[in-house]
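Inspection log for the structure reproduced underneath, given as C-alpha cells.
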Amino acid sequence: MAPLMSDPFVIADKTFASRLIVGTGKYPSHAVMAQAHEASGADMVTVAVRRVNISDRSTALTAGREESLLDYIDTSKIFLLPNTAGCYTADEAIRTARLGREAGLSHWVKLEVIGDERTLFPDNEQLIVATKVLVKEGFVVLPYTSDDPIVCRKLEDAGAAAVMPLGAPIGSGLGIQNVNNIRIIREFSRVPLIVDAGVGTASDAALAMELGADGVLMNTAIAGAQDPVSMAEAMKLAVRAGRLAYRAGRIPRKAYATASSPMAGMVGG
C-alpha cells in the first residue's frame, strides 16, 4: 500500500483535493450556499444547467438582472460540474449537456436521465445511450445510476469517467441501502466510484468511504440541514475519516471477543 498521505483523487485527467462533491440547490440563500461550500472544503460543485441563468455570468445585478447562484461560486477555486437534472430521455440529456458546454460551463457533465418522477430513479437504458453519444463528442461523463453492478460495468464500457451509484433515492436521507452492492461495484470498477444520492448525515458519508468509494456527492443532506454550514463541515470530516479508515484497513469481524491485552507473560496470582 502506498503511504496514506499519498492518496490523490483523480477523475479523467484532473486531480481534486477533496473527495466531497456538493450541490447548489435547496439552500436558504445563495450566501448560505457559499458559506457551506467553504466549510465543506469541496473543490467541485454540481450546477443544474436547466435551472440557472447561464446566458449572463457577469457581476451580480449588472444591467438590472437578478443575481445568480453562479455569482456566489469562485470558479478560480471551485470546479463546475454541470448536470442534466430534470431530463427524462437520452435526447434531452444530450441537448442539455451540449448547452452547458456551449455556454462555457464545462465539457464535463454529471449525466442524469430520470426514469420515474416520483422516485427519481435513473433510466439506465437511456443513460447508457446518452453516455455513449457524449463520450464520442468529447465529454467527460459522470453518470448517476442505480446501485447495479452490471449497469455500472456497462457504463464503464461505454466510456464513463466514473460511476455514480445511488446510496438511496435522491433527497431521501436514508443512507446506503445496499451495502453489498457498493462493495461489489468497488471490487470490479476500473474507474472512480462516487456514491451519489441518499446521504442523510455524516455517518452515511463515512460508511460510503469505508466501503471503498472514491468520493461522495451530496446536496440535500447539507442544504436541507437546520445548520447547512455546520453540516458541511461535518461531511468534510466524515469523508476524510472514512477514507483514512478504509486505507488503514479495519480489523476482521469476529463472533467472539479477543482480549486487547495478550495473556502471555502475565504475572500469575
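Based on the Cβ-Cβ distance of residue 257 and residue 12, what FRET efficiency does E = 1/(1 + (r/R0)^6) give at R0 = 35 Å, to the nearest 0.05? Write out the running numbers ahead of the final one.
Working: r = 47 Å, r/R0 = 1.34.
The pair residue 257/residue 12 has a calculated efficiency of 0.15.
Taking the Cα centre of the range 9-248 as origin, work out the dipole magnitude from +1 charges on Lys and Arg Cβ and -1 charges on Asp and Glu Cβ, in debye rounded to 20.
Working: 24 positive and 28 negative charges, 89 e Å.
The calculation lands at about 420 debye.
Of the listed values (1) 1.16; (2) 0.96; (3) 1.04, identify the label whose number matches Rg/Rh (Cα atoms, Kirkwood Rh) calculated from this model.
(3)
Rank 35, 83, 201 by how far each Cα sits towards the positive end of the charge dipole of the chain (+1 on Lys, Arg Cβ; -1 on Asp, Glu Cβ) and give me just the farthest.
Most positive-ward Cα: 201.
About the Cα centre, and with charges only on the beta carbon of Lys, Arg (+1) and Asp, Glu (-1), how big is the dipole of the range 86-228? Nearest 20 debye, please.
Numbers: 12 positive and 19 negative charges, 71 e Å.
Rounded to the nearest 20 debye, it is 340 debye.
Can you spot the lysines whose alpha carbon is less than 22 Å from residue 136's alpha carbon? Ignore those fewer than 8 places along the same chain.
14, 110, 154
May I ask you to derive the FRET efficiency for residue 118 and residue 226 from their Cβ-Cβ distance with R0 = 25 Å, giving the value to the nearest 0.05? Spell out each step's value before the answer.
Values: r = 26 Å, r/R0 = 1.05.
Calculated transfer efficiency: 0.45.
Between residue 190 and residue 77, what is the label-point separation in nm under the 7 Å Cα-to-beta-carbon projection?
Going by the 7 Å Cα→Cβ label model, 3.8 nm.
Once you charge only the Cβ atoms, +1 for Lys and Arg and -1 for Asp and Glu, what is the size of the charge dipole of the range 158-231 about its Cα centre, to the nearest 20 debye? Kindly include the intermediate steps, with their values, before the conclusion.
Details: 3 positive and 6 negative charges, 41 e Å.
My answer is approximately 200 debye.
At R0 = 41 Å, how high is the FRET efficiency between residue 179 and residue 102 if r is their beta carbon distance? Nearest 0.05 is fine.
Working: r = 40 Å, r/R0 = 0.99.
Approximately 0.50, to the nearest 0.05.
For the range 98-122 and the range 28-45, what is the separation of their C-alpha centers, rounded to whole Å?
Taking the Cα centre of each part, the range 98-122 and the range 28-45 sit 21 Å apart.
Suppose only helical runs count, i.e. DSSP H with n ≥ 4. What mean residue ellipticity at 222 nm does that imply for the chain under -39500 (n - 2.57) per run, divided by all residues and rounded to the nearest 500 deg cm²/dmol?
Working: 8 runs with 90 residues, N = 269.
After summing the helix terms and dividing by the residues of the chain, the value is -10000 deg cm²/dmol.
Rule-based calculations on the coordinates, nothing more; no lab input. Keep in mind it's a predicted model, so treat the numbers as computed, not measured. When we count neighbours, we look across all protein chains shown, and the Cβ atoms used for this are built from the backbone with ideal geometry, even at glycine.
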